[in-house]
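Report on the following structure.
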């Protein structure tokens, strides 16, 4: 296929896209990808690559490992893409939740080592906040965002809260908060006509105010991270609008822990600016699937395995 840079965006997946074996074939096939995994192992002081490629799955699904593993796979895929298409610079970059850190690497606002250190710290702090403030999350399918918001408001009683964590696409919303409140919201969502409403297998209430205990330390980590002005437009999760300087990036990252991921609005914003092709770099194709629900006329291309890159080259 022929890429038109001003009509393209790079997007990067977040938690939930991980799987045992992620990035292994890519690293075996492309030296540029292998080098990123080797660099990550050295920087972290343990074999993240072995964990990502061989498991055990429970350890990979621990958020302190999941978050860096996803970043590393995304950056590895990005390096391969840039090697094959050195002249293509997208109009925008964006990442879902922790994927925003991968997007910042793509926009040259963070070097890879700095991003890896920050995402590892993010995972540690979120895990600790989850231990201090236990909660849960649930997926609500078949309701619009306003109905999901109403279910969350109705369920937030007796000092227990539940909030919208992810507005992923029309008809798919994730809620987050105290476990009892999440359960009440699930029941209310079903009464509102949700097609499905089910708890997620997580032990933290991401993107809710239960993450507030992590805020101070994460803000300090962001301030020490070496952020620079990006060379590409970055779409932030919190406002679903462009970030073009250190101040706006820092503000979005700081607010992200306790704010919803406005992914539907982020994609709609980029589409309104003329983006037609969304190139998902990293593990899986979750964002490409969401894109079909947000705007069926947009094109999504998931690149995380050698076969993906080979198919892309063959389509040119």
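The values are calculated or read from the model by the stated rules, or taken from the named source; none is laboratory data. Since the structure is predicted, the reported quantities are computational estimates derived from the model, not experimental observations. FYI the Cβ positions are ideal-geometry reconstructions off the backbone, even for glycines, and counts take in every protein chain you see.
Here is a check on your reading of the model: is residue 272 over 23 Å from residue 22 (Cβ atoms), touching a helix residue (DSSP H, G or I) at 6+ places or on another chain (Cβ under 6 Å), at pLDDT 95 or above and assigned by TED's automatic domain parsing to the domain that holds residue 125?
In short, no.
For the stretch 304-313, does any single residue satisfy the condition of being surrounded by fewer than 22 Cβ atoms within 10 Å (Cβ to Cβ) and more than 30 Å from residue 30 (Cα to Cα)?
No: zero hits.
Tell me, please, whether a residue that is buried (at least 16 other Cβ atoms within 10 Å of the Cβ) and out of contact with any helix residue (DSSP H, G or I) (no Cβ under 9 Å at 6 or more places or on another chain) can be found in the stretch 57-64.
yes
Identify all residues within the stretch 116-144 that are in contact (Cβ under 8 Å) with a residue 60 or more places away in the chain, surrounded by 20 or more Cβ atoms within 10 Å (Cβ to Cβ) and more than 18 Å from residue 204 (Cα to Cα); write none if there are none.
Across the stretch 116-144, the qualifying residues are 116, 118.
Among (1) over 19 Å from the mean Cα position of the chain (by Cα); (2) farther than 20 Å from residue 105 by Cα, there is one condition residue 19 misses while meeting the rest; what is its number?
Evaluating residue 19 over (1) over 19 Å from the mean Cα position of the chain (by Cα); (2) farther than 20 Å from residue 105 by Cα leaves (1) as the failure.
Which residues, taken from the stretch 232-256, are closer than 17 Å to residue 102 by Cβ, in a loop (DSSP other than H, G, I, E, B) and under 17 Å from the mean Cα position of the chain (by Cα)?
236, 237, 238
Table: residues versus (1) assigned by TED's automatic domain parsing to the domain that holds residue 278; (2) assigned to a loop (DSSP other than H, G, I, E, B); (3) buried (at least 17 other Cβ atoms within 10 Å of the Cβ); (4) more than 22 Å from the chain's Cα centre (by Cα).
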{"residue": "164", "(1), (2), (3), (4)": "no, no, yes, no"}
{"residue": "168", "(1), (2), (3), (4)": "no, no, yes, no"}
{"residue": "174", "(1), (2), (3), (4)": "no, no, yes, no"}
{"residue": "186", "(1), (2), (3), (4)": "no, no, yes, yes"}
{"residue": "227", "(1), (2), (3), (4)": "yes, yes, yes, no"}
{"residue": "230", "(1), (2), (3), (4)": "yes, yes, yes, no"}
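Please indicate, with yes or no, whether at least one residue in the stretch 89-110 is more than 22 Å from residue 209 (Cβ to Cβ), outside the structural domain of residue 291 (by TED's automatic domain parsing) and more than 19 Å from the chain's Cα centre (by Cα).
No, that holds for no residue.
Could you tell me which residue of the stretch 197-212 is farthest from residue 185 (Cα to Cα), considering only residues that are surrounded by 18 or more Cβ atoms within 10 Å (Cβ to Cβ) and either at pLDDT below 95 or in contact with a helix residue (DSSP H, G or I) (Cβ under 8 Å, 6 or more places away or on another chain) (or both)?
211
Consider only pairs whose beta carbons are under 7 Å apart and that are at least six residues apart or on different chains; among these, list those whose first residue lies in the stretch 284-295 and is outside the structural domain of residue 15 (by TED's automatic domain parsing) and touching a residue at least 40 places away in the same chain (Cβ under 8 Å) and whose second residue is crowded, with 21+ Cβ neighbours inside 10 Å and part of a helix (DSSP H, G or I).
none
Within the stretch 190-208, identify whether any single residue is part of a helix (DSSP H, G or I), under 23 Å from residue 177 (Cβ atoms), over 15 Å from the mean Cα position of the chain (by Cα) and assigned by TED's automatic domain parsing to the domain that holds residue 152, and answer yes or no.
The answer is yes, given that some residue of the stretch 190-208 is part of a helix (DSSP H, G or I), under 23 Å from residue 177 (Cβ atoms), over 15 Å from the mean Cα position of the chain (by Cα) and assigned by TED's automatic domain parsing to the domain that holds residue 152.
Where in the stretch 1-110 are there helices (runs of 4 or more DSSP H), lying wholly inside it, with at least 1 residues that are closer than 19 Å to residue 256 by Cα and touching a strand residue (DSSP E or B) at 6+ places or on another chain (Cβ under 9 Å)?
Where helices (runs of 4 or more DSSP H) fall fully within the stretch 1-110 and carry at least 1 residues being closer than 19 Å to residue 256 by Cα and touching a strand residue (DSSP E or B) at 6+ places or on another chain (Cβ under 9 Å), they are 63-84, 99-106.
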